[in-house]
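The values are calculated or read from the model by the stated rules, or taken from the named source; none is laboratory data. Everything numeric here is computed off the predicted structure, so don't read it as measured data. Heads up, the Cβs are rebuilt from the backbone with ideal geometry, glycines too, and the neighbour counts pull from every protein chain shown.
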Amino acid sequence: MPNGKVLPIAHQPELPVERFIVSDAPDAEAVPMDVVFVGGGPAGLAGAIELARLVKKDDEAGGTLGDIQIAVLEKAASLGEHSLSGAVVNPIAMQELFPELDMKDFPFRSPVEKERVYLLAGQKHFRIPAPPTMWNHGNYIASICEIVRWLGEKAEAEGVNIFTGFPAASLLVDGDKVQGVRTTPTGLARNGEPGSGYAPPTDITARVTVLSEGTRGSLSQAWMKSQKVTSENPQIFALGVKEIWETKKPLDAIIHTLGWPVPLDAFGGSFMYPLSPNQVAVGLVVGMDYRGTGVDVHEMLQQMKQHPLFKQYLDGGEMVEWGAKTIPEGGYYAMPNQRAGNGVLLAGDAAGFVEVASLKGVHYAMRSGILAARAIFTALKKNDTSAAGLAEYDRAIDSSYIVRDLRARRNMRLAFQKYGFFLGGAMASLMIATKGLFPGWKIASHRDSEVPRNVEPAERFVPDGKLTFSKLDANFKSGNATRDDAP
């Protein structure tokens, strides 16, 4: 690389596929299931509920499936622990899953009644028209944590087995047939040997394994690489950092911003949502194809909170939760060309079902889980859970509103990566106006790690512990706890 630049991919190790895909025979004490959903988020839980209901209806109609055991594996100690509050949700998938319920029965905080979009420039802000992709009339402010816990209760009521505290470490395979998962052992000492409280891994077998483990899941990535599953463009990601605040001044609208503190050569923006009269979610999302080594999303969020637009609500309040996660942003061209394999399906963020222009993913995740359940049910009825037997899932996804929406905005995020903030923004406006017909070709993209970074000195950040916080203090608010002697 030229002087003053660094290329991340040159320092990134290859994914150790052999660690995540193992050909060992299941243990003699393996837990037998029929279907396992890896990940207790919206996709996995929606899929488990839909499948349980289909099996129940079949049994009531005199079907021959018999007792079908369905499990959801969640790495957190309880459902929702890894799902930070604060989102604006399209309710369509919830209505599809629970047609018997009224809107008031769903675990939403409130309908979106007001929304504002601002351009930030230093300590100034200018209100701008919201692009049509970000119109949220008819959507609802919600806590993802509360949605997940509510779905978990519904799943258990349908007879689904919910196993929390069970991180899946690897896929168990026989040839190209996925036959279940092996969980992570617990209680290992720093040297990797069993320590106090040690529990060995558990093998869980299944006729179908649904990888709904979220963004950049290790099992999903390993399975796609092992089966040479590709996409037209590589997947690209953003990093989002979010805080939940107890506030003294109520916020009466959802707020989105673009501009400062995100550099012009990076893609990103911020949000602030009212969860209740005295609680808000505030966060910043920045594409990981940024150009400078000095970009630090957490510290940028701390800077942003000092802007008068945000500070007026946060001053005198208390930050009560913090979290960070990656978000797949590649869109239509980065979707894997195969989401169904021999005994395995990909759903939700693991398959890249996020539409960046509208900032939406929850209802796509749930819809993909529902479609996965229907394909699995058909495959079980035919006693064929091979790739061919599960191929209906790919066809259902391709004809769903998931792909319809992603295709309509297929080039918008990519325009910013290729052409930058101003030209990319102008092109995105034309794409909205033409419903995706402009520019008439695919904009090629590259991996985040293939973007050369300008080496920049890190600016010294001194938090005040009231409005701004260090990563260490913020991490404490995430509830994360690790042993000092962990491997």
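For the criterion of being touching a Lys or Arg at 6+ places or on another chain (Cβ under 6 Å), at pLDDT 95 or above and surrounded by 14 or more Cβ atoms within 10 Å (Cβ to Cβ), Tyr140 fails. Of everything in segment 222-279 that is closer than 30 Å to Gly341 by Cα and of a type in the set (Lys, Arg), the residue that is nearest to the chain's Cα centre (by Cα) is Lys225. The sole residue among Leu65, Leu79, Leu84, Leu120 that is in a loop (DSSP other than H, G, I, E, B), more than 26 Å from the chain's Cα centre (by Cα) and not acidic (Asp, Glu) is Leu65.
Please specify each residue of segment 267-307 satisfying the condition of being more than 24 Å from Val112 (Cα to Cα), of a type in the set (Gly, Ala, Ser) and at pLDDT 95 or above. Result: Gly287, single match.
Inside segment 177-209, residues that are modelled with pLDDT under 95 and buried (at least 19 other Cβ atoms within 10 Å of the Cβ) make up a count of 0.
So is Glu100 in contact (Cβ under 8 Å) with a residue 60 or more places away in the chain, outside any strand (DSSP E or B) and charged (D, E, K, R) or not? The answer is no for Glu100.
Only one of (1) in contact with a Pro (Cβ under 8 Å, 6 or more places away or on another chain); (2) aromatic (Phe, Trp, Tyr); (3) modelled with pLDDT under 95 is not met by Phe166, so which one is it? Against the list (1) in contact with a Pro (Cβ under 8 Å, 6 or more places away or on another chain); (2) aromatic (Phe, Trp, Tyr); (3) modelled with pLDDT under 95, Phe166 comes up short only on (1).
When Val229, Val173 are screened for being among the β-branched types (Val, Ile, Thr), in a loop (DSSP other than H, G, I, E, B) and either touching a strand residue (DSSP E or B) at 6+ places or on another chain (Cβ under 9 Å) or surrounded by fewer than 24 Cβ atoms within 10 Å (Cβ to Cβ) (or both), only Val229 passes. Number of residues in segment 440-460 that are under 17 Å from Asp296 (Cα atoms), part of a helix (DSSP H, G or I) and out of contact with any strand residue (DSSP E or B) (no Cβ under 9 Å at 6 or more places or on another chain) equals 1. Any residue that is within 22 Å of the chain's Cα centre (by Cα), surrounded by 15 or more Cβ atoms within 10 Å (Cβ to Cβ) and closer than 30 Å to Thr64 by Cβ - is there at least one of those in segment 442-455? No; the residues of segment 442-455 include none that is within 22 Å of the chain's Cα centre (by Cα), surrounded by 15 or more Cβ atoms within 10 Å (Cβ to Cβ) and closer than 30 Å to Thr64 by Cβ.
If you go through segment 268-280 and keep only what is within 29 Å of Gly420 (Cβ to Cβ) and buried (at least 23 other Cβ atoms within 10 Å of the Cβ), you end up with Gly268, Ser270, Met272, Tyr273.
Does segment 461-468 contain at least one residue that is surrounded by 12 or more Cβ atoms within 10 Å (Cβ to Cβ), in a loop (DSSP other than H, G, I, E, B) and under 23 Å from the mean Cα position of the chain (by Cα)? No. Do the conditions hold for Glu299, that is, is it under 18 Å from Arg460 (Cα atoms) and outside the structural domain of Leu423 (by TED's automatic domain parsing)? Considered against the rule, which asks whether it is under 18 Å from Arg460 (Cα atoms) and outside the structural domain of Leu423 (by TED's automatic domain parsing), Glu299 comes out as yes. Filtering Leu390, Leu437, Leu430 for residues that are in a loop (DSSP other than H, G, I, E, B), without any contact (Cβ under 8 Å) to a residue 24 or more places away in the chain and not small (Gly, Ala, Ser) leaves a single hit, Leu437. Only residues that are in a loop (DSSP other than H, G, I, E, B) and surrounded by fewer than 20 Cβ atoms within 10 Å (Cβ to Cβ) were counted across segment 7-55, and they come to 14.
In the set (1) more than 25 Å from Ala324 (Cβ to Cβ); (2) loosely packed, with under 13 Cβ neighbours inside 10 Å; (3) among the aliphatic types (A, V, I, L, M), Leu472 fails one condition alone, (1).
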